[in-house]
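Peer 1: Sharing a structure, written as structure tokens. Questions coming.
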Amino acid sequence: MKIIIEISYLVASILFIFGIKQLSSPKTARKGNFLAALGMFIAIVVTLLDQHVLTYEWIIIGFIIGGTTGTLMAFKTPMTGMPQMVGLLNGFGGGASLLVALSEFYKMKNFAQWSFATSTNVTVTLSILIGAVTFTGSLIAFGKLQGIVTGKVVKYPGQHPFNLFLLIAVVIAGVFFVVDPSLEWIILTITAVSLVLGILLVLPIGGADMPVAISLLNSYSGLAASATGFVLQNNQLIIAGALVGASGIILTMIMCKGMNRSLMNVVLGGWASAGGSGPTAEGASPKGDVKSVDSEELAMIFDVASKVVIVPGYGMAVAQAQHAVRDLMNVLESKGINVRYAIHPVAGRMPGHMNVLLAEANVAYDKLYAMEDINDDFPNVDIALIIGANDVVNPAARHDQNSPIFGMPILNVDYAKTVVINKRSMNVGYAGIDNELFFYPNALMYFGDARDAIVKLTHALKEA
Amino acid sequence: MDALGILMLIYVFVLAIFVGFELITKVPPTLHTPLMSGSNAISGITIVGAILSAGLEEFTISTILGLVAMVFATINVVGGFLVTDRMLKMFKKK
């Protein structure tokens, strides 16, 4: 039996790897996801055959509650709510690892046939630490994305030394636990401190840095599964966890590169800690007047264009304007105008956020261009239409060494013949700085809520 | 478990990390959200540990912890795979 279980785990691991491999193209991605799910199904079924699994009622109850909740979440969450949902799922993964590690501890404590071993004590401690941090950290991330917890950068004196102190406390308690594993209060202390640490680590991270936080927590949830694998000495968990851990780390690095910031800088919280401490808003503040247009004037400008690039940002997600944007695209295309989309790596609140929203609105994915694939083409573009994006199109990132976002890769929208910026007001973006683009001679401000404004523009274009 | 046993597990872990890096770098940015939710579902593999905890013969605190872990991990697995499929269904080429 043991042999059959191990072989099945091997098959499941191979299916996970093939599943992820097929995610490299939108054509095969759905099949890949199915293969991974099949691998999971095999792993679950053979585990039920394990000689230590003797009662099934609790397992069935768990399946029913979890399965129903999971299905409801998967079908009821709107696409704009995907960052929250992924955040929450990360948390459940971490929470499960924490609970399994605790359960193992009590198993070793209460049953004679399982005894403590030094290596297991180490892995139980690690599993609790990573699982707990992932759990509460993800709940805070969920709260921030959902608007329950403040999306602002939270800072207080002694923040980082205190977090470091908590981490050291966990390590010391872990050493005590390895020496004398019979002490229940130590394991509970490790759990409690790790839970608090998860909250404090994510709390300082600001809203627009969430793509990094979510990616990092994704990686943690994988590492938590691996840690549980070490506790249970189960290769299947170790492999699956490592794949996810690697995935999260890569996404984290891509997101950090997209903002030209180090991981440390994001984790410690906020743009303010980058470079100079003084606010740059004063000296570098651009002067002059902005030109504002209404939908009729704008429709006339669009009517004579031949190449349009739409740049969506978080504002499009907030206003749920993706369908309105698709309608605009259809009208433009019916007039023979070429329409493409330029997607900045950190646009939105999670990696690939804009792509999913536009896919939902039925925009073909081959119209979406990554920053490096479209940036050189902006001089040939008649109109760059920016919808709810700000810092990722601020030219100050290219030349203003005093700007906090200096060095961040941006979309070269200012090279287009005309730049149309749809915003609700002149307010600053996440980085808290003015955008000199708005004052450029080729820039036109088109004020209004993204959805209303785009609908009006589409309407005016139809009449033109 | 002896040191050699632990070393074998670390062996597997390190190699799997390398495989993960190779695979994920080939995923295009357009699929990064489904990649996250899909890999998230895979990290629900902890369900294996939850089953082993919840299925113990005697009912103890381990069983209760295992049951809650079971609920969490099942939400992770079922929710993750289903929502990924829902998203991937929407990705169409003109």
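The values are calculated or read from the model by the stated rules, or taken from the named source; none is laboratory data. Keep in mind that this is a model prediction, so the values were computed, not measured. Note that we place each Cβ from the backbone using ideal geometry, even for glycine, and neighbour counts take in every protein chain shown.
Peer 1: Among the candidates A:THR252, A:THR189, which residue alone is hydroxyl-bearing (Ser, Thr, Tyr), away from chain B (no Cβ under 14 Å) and surrounded by fewer than 24 Cβ atoms within 10 Å (Cβ to Cβ)? I'd like the intermediate steps shown before the answer.
Peer 2: Values: A:THR252 fails: away from chain B (no Cβ under 14 Å).
Sole residue among the options that is hydroxyl-bearing (Ser, Thr, Tyr), away from chain B (no Cβ under 14 Å) and surrounded by fewer than 24 Cβ atoms within 10 Å (Cβ to Cβ): A:THR189.
Peer 1: Of all residues in the range A:418-444, which are hydrophobic (A, V, I, L, M, F, W, C), surrounded by 19 or more Cβ atoms within 10 Å (Cβ to Cβ) and within 22 Å of A:PRO379 (Cβ to Cβ)?
Peer 2: A:VAL419, A:VAL420, A:ILE421, A:LEU437, A:PHE438, A:ALA443, A:LEU444
Peer 1: Something else about it: In the range B:73-87, what residues are buried (at least 24 other Cβ atoms within 10 Å of the Cβ) and either touching a Cys at 6+ places or on another chain (Cβ under 9 Å) or not β-branched (Val, Ile, Thr) (or both)?
Peer 2: Once the filter is applied, which keeps residues that are buried (at least 24 other Cβ atoms within 10 Å of the Cβ) and either touching a Cys at 6+ places or on another chain (Cβ under 9 Å) or not β-branched (Val, Ile, Thr) (or both), the range B:73-87 yields B:ALA73, B:ASN76, B:GLY79, B:GLY80, B:PHE81, B:MET87.
Peer 1: In this structure, is A:HIS344 in contact (Cβ under 8 Å) with a residue 60 or more places away in the chain, within 14 Å of chain B (Cβ to nearest Cβ) and touching a Phe, Trp or Tyr at 6+ places or on another chain (Cβ under 9 Å)?
Peer 2: Against the criterion (in contact (Cβ under 8 Å) with a residue 60 or more places away in the chain, within 14 Å of chain B (Cβ to nearest Cβ) and touching a Phe, Trp or Tyr at 6+ places or on another chain (Cβ under 9 Å)), A:HIS344 does not qualify.
Peer 1: I would also like to ask the following. Go through the residues of the range A:115-128 one by one and say whether even a single one is of a type outside the set (Val, Ile, Thr), part of a helix (DSSP H, G or I) and modelled with pLDDT of 90 or more.
Peer 2: yes
Peer 1: Among the residues of the range A:182-197, which ones are assigned to a helix (DSSP H, G or I) and among the small types (Gly, Ala, Ser)?
Peer 2: A:ALA192, A:SER194 - these are the residues of the range A:182-197 that are assigned to a helix (DSSP H, G or I) and among the small types (Gly, Ala, Ser).
Peer 1: For the range A:24-48, how many residues meet the condition of being of a type outside the set (D, E, K, R) and more than 7 Å from chain B (Cβ to nearest Cβ)?
Peer 2: 11
Peer 1: A further question on this structure: Given (1) surrounded by fewer than 22 Cβ atoms within 10 Å (Cβ to Cβ); (2) closer than 16 Å to A:ALA192 by Cα, identify the lone condition not met by A:ILE65.
Peer 2: Unmet for A:ILE65, out of (1) surrounded by fewer than 22 Cβ atoms within 10 Å (Cβ to Cβ); (2) closer than 16 Å to A:ALA192 by Cα: (2).
Peer 1: Can you pull out every residue in the range A:429-463 that is closer than 16 Å to A:MET316 by Cα and assigned to a loop (DSSP other than H, G, I, E, B)?
Peer 2: Within the range A:429-463, A:GLY429, A:TYR430, A:GLY448, A:ASP449 qualify.
Peer 1: Only one of these conditions is not met by A:SER97: (1) among the small types (Gly, Ala, Ser); (2) farther than 16 Å from A:LEU197 by Cβ; (3) facing chain B (nearest Cβ under 8 Å); (4) out of contact with any Leu (no Cβ under 6 Å at 6 or more places or on another chain). Which number is it?
Peer 2: Unmet for A:SER97, out of (1) among the small types (Gly, Ala, Ser); (2) farther than 16 Å from A:LEU197 by Cβ; (3) facing chain B (nearest Cβ under 8 Å); (4) out of contact with any Leu (no Cβ under 6 Å at 6 or more places or on another chain): (2).
Peer 1: Follow-up question, since we're still on this one. Could you look through the range A:20-48, keep only residues that are of a type outside the set (A, V, I, L, M, F, W, C) and not in a loop (DSSP other than H, G, I, E, B), and pick out the one that is surrounded by the most Cβ atoms within 10 Å (Cβ to Cβ)?
Peer 2: It comes out as A:ASN33.
Peer 1: Of all helices (runs of 4 or more DSSP H) completely enclosed by the range A:284-350, which ones contain at least 3 residues that are in contact with a strand residue (DSSP E or B) (Cβ under 7 Å, 6 or more places away or on another chain) and on the phi < 0 side of the Ramachandran plot?
Peer 2: Output list reads A:295-303, A:322-334.
Peer 1: For A:SER97, state whether it is assigned by TED's automatic domain parsing to the domain that holds A:SER219 and surrounded by 23 or more Cβ atoms within 10 Å (Cβ to Cβ).
Peer 2: yes
Peer 1: If you don't mind, there's one more thing I want to ask. Does any residue of the range B:53-69 turn out to be facing chain A (nearest Cβ under 7 Å) and touching a residue at least 40 places away in the same chain (Cβ under 8 Å)?
Peer 2: no
Peer 1: Among the numbered criteria (1) free of Cβ contacts under 8 Å to residues at least 60 places away in the same chain; (2) touching a helix residue (DSSP H, G or I) at 6+ places or on another chain (Cβ under 8 Å), which one does A:ILE20 miss?
Peer 2: (1)
Peer 1: Name the single residue that is farthest from A:LEU98 (Cα to Cα) among those in the range A:110-138 being more than 9 Å from every other protein chain (Cβ to nearest Cβ), of a type in the set (Gly, Ala, Ser) and surrounded by fewer than 18 Cβ atoms within 10 Å (Cβ to Cβ).
Peer 2: Here the answer is A:ALA112.
Peer 1: At least 1 residues that are among the small types (Gly, Ala, Ser) and surrounded by fewer than 24 Cβ atoms within 10 Å (Cβ to Cβ) in each: list the helices (runs of 4 or more DSSP H) lying fully within the range B:1-72 that qualify.
Peer 2: Qualifying helices (runs of 4 or more DSSP H): B:3-24.
Peer 1: So A:LYS144 passes all but one of these: (1) in a helix (DSSP H, G or I); (2) closer than 26 Å to B:ALA73 by Cα; (3) within 24 Å of the chain's Cα centre (by Cα); (4) modelled with pLDDT under 90. Which condition number does it fail?
Peer 2: (4)
Peer 1: For the range A:350-372, does any single residue satisfy the condition of being surrounded by fewer than 24 Cβ atoms within 10 Å (Cβ to Cβ), under 24 Å from A:GLY429 (Cβ atoms), of a type in the set (Asp, Glu) and touching a Phe, Trp or Tyr at 6+ places or on another chain (Cβ under 7 Å)?
Peer 2: no
Okay, residues lined up against (1) hydrophobic (A, V, I, L, M, F, W, C); (2) assigned to a helix (DSSP H, G or I); (3) in contact with a strand residue (DSSP E or B) (Cβ under 6 Å, 6 or more places away or on another chain); (4) more than 24 Å from A:THR134 (Cα to Cα):
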position	(1), (2), (3), (4)
A:LEU54	yes, no, no, yes
A:ILE65	yes, yes, no, no
A:MET82	yes, yes, no, no
A:MET85	yes, yes, no, no
A:LEU88	yes, yes, no, no
A:GLU104	no, yes, no, no
A:LYS109	no, yes, no, yes
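Peer 1: For A:GLN51, all conditions in the list (1) among the polar types (S, T, N, Q); (2) exposed (fewer than 15 other Cβ atoms within 10 Å of the Cβ); (3) in contact (Cβ under 8 Å) with a residue 12 or more places away in the chain; (4) within 7 Å of chain B (Cβ to nearest Cβ) hold save one; what is the number of the exception?
Peer 2: Failed condition: (4).
Peer 1: Any idea which of A:ASP400, A:ASP373, A:ASP327 is under 28 Å from A:HIS459 (Cα atoms) and not aliphatic (A, V, I, L, M)?
Peer 2: A:ASP327
Peer 1: Of all residues in the range A:198-240, count the ones that are outside any helix (DSSP H, G or I), more than 9 Å from every other protein chain (Cβ to nearest Cβ) and surrounded by fewer than 24 Cβ atoms within 10 Å (Cβ to Cβ).
Peer 2: Here the count works out to 3.
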